[in-house]
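Chemist: Pasting a structure below so you can have a look.
What follows draws every value from the coordinates through simple rules; no lab data is involved. As the structure is a prediction and not an experimental result, all values here were calculated from the model. Positions of Cβ are backbone-derived with ideal geometry, glycine not excepted, and every protein chain shown enters the neighbour counts.
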Amino acid sequence: MTGGVVVVLGGAGRNFAAGMSGGIAYVLDEKGDFEIRCNLAMVELEKVVEDGDDKDIMARLEEIRELPQKLLSMELPEDKLRHDATRLKVLIARHVCYTGSVRGQSILGITGRSICPSS
């Protein structure tokens, strides 16, 4: 990957990030073994920390539910080195809307509630 953004909600195989020369990969590490599966030659690992303004993201998503096109077109923070938690939640919310992902709903804590625009 060069300059892109990827969100991995499942497991990652060995040698993850081999050849990655730019961009950001958000990886959910439920087993705690991602570091040994990741090729650290060209990447750094950091934990995603809650942004100061992130506490309002679920409230914003709830409001957006009634504004059909806004969720899918919500602008992500331009600074790719900050606001990771907000960016990640918006990306997962978009994934939920496009795919109906139960896993994504669970991660966002919205199981059983729709945040997606109805078509």
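Chemist: Taking the beta-carbon count within 10 Å as an exposure proxy, list TYR26, TYR98 from fewest neighbours to most.
Modeler: By the 10 Å Cβ count, ascending, the order reads TYR98, TYR26.
Chemist: Would you kindly state how much longer the chain becomes between LEU45 and ASP33 on full extension, computed as 0.36 nm times their sequence separation minus their alpha carbon distance, in nm to one decimal?
Modeler: Answer, rounded to one decimal: 3.1 nm.
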